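Structure first, then comments.
The values are calculated or read from the model by the stated rules, or taken from the named source; none is laboratory data. Please read all numbers here as calculations on a predicted model, not as lab measurements. Here the Cβ is made from the backbone with ideal geometry for all residues, glycine too, and neighbour counts use every protein chain on show. Each accessible area value is taken on the protein alone, full model and side chains, heavy atoms only, with ligands, DNA and RNA left out. Shrake-Rupley method; radii C 1.70, N 1.55, O 1.52, S 1.80 Å.
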Amino acid sequence: MGTASTIDSTIDTTPRRPLIREALIGAVVATAVNAVIWGVGRAAGVGFHVRPESGSEVGILLVVPTTLILFAAGMWLFALAARRSRRLATAVVVAGVVFAVGSTGAVLWAAEDPATASLLVTMHLVTGAVFAVTVGRALATSARDIRS
């Protein structure tokens, strides 16, 4: 009698290099885009002032590490989830995007002017979008490897 083939619903992260490479590329892209947004805003005269209880000003030394740390945390959670199941990995992606979109509410509350609000909201959405694209590429690569 033949053996039944089973489909593993986990994401193959055995060759960890591709996921790490994708994560690094995504982190660099998100950070670079956010730094450019911040720089263009500053050049245009945006002060990036926020309510004093929020820190009073968002500088480049806050934008860069915050983007890197949050992106790395999202990718770490994705990698952990991907080892368990595709469904859990997808849930992490959705949660990451919801977090990026949901965090814009705090930005709108904290920003002292519309220009600051719009640029900071854009940075949050950029990070969420790059995260979604990065993990989407990892999921697509995994699906291609399974079909091969």
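Within region 80-108, residues that are of a type in the set (S, T, Y) reach partners that are surrounded by 13 or more Cβ atoms within 10 Å (Cβ to Cβ) and part of a helix (DSSP H, G or I) with beta carbons closer than 6 Å, at six or more positions or on different chains, in the pairs S103/H124; T104/V121; T104/H124. Filtered by the rule that a residue be within 17 Å of the chain's Cα centre (by Cα) and in a loop (DSSP other than H, G, I, E, B), region 95-112 gives a lone residue, S103.
Candidates in region 29-48 are the residues that are within 13 Å of the chain's Cα centre (by Cα) and open to solvent by less than 30 Å² (accessible area, probe 1.4 Å); of these, the one that is farthest from F71 (Cα to Cα) is N34.
Are any residues in region 52-76 open to solvent by 90 Å² or more (accessible area, probe 1.4 Å) and over 13 Å from A27 (Cβ atoms), and if so, which ones? Across region 52-76, the qualifying residues are P52, E53, L61. Restricting the first residue to region 42-58 and requiring it to be touching a residue at least 24 places away in the same chain (Cβ under 8 Å), which pairs with a second residue that is part of a strand (DSSP E or B) and open to solvent by 50 Å² or more (accessible area, probe 1.4 Å) meet a Cβ separation below 6 Å and a spacing of at least six or different chains? Pairs found: F48/E57; H49/E57.
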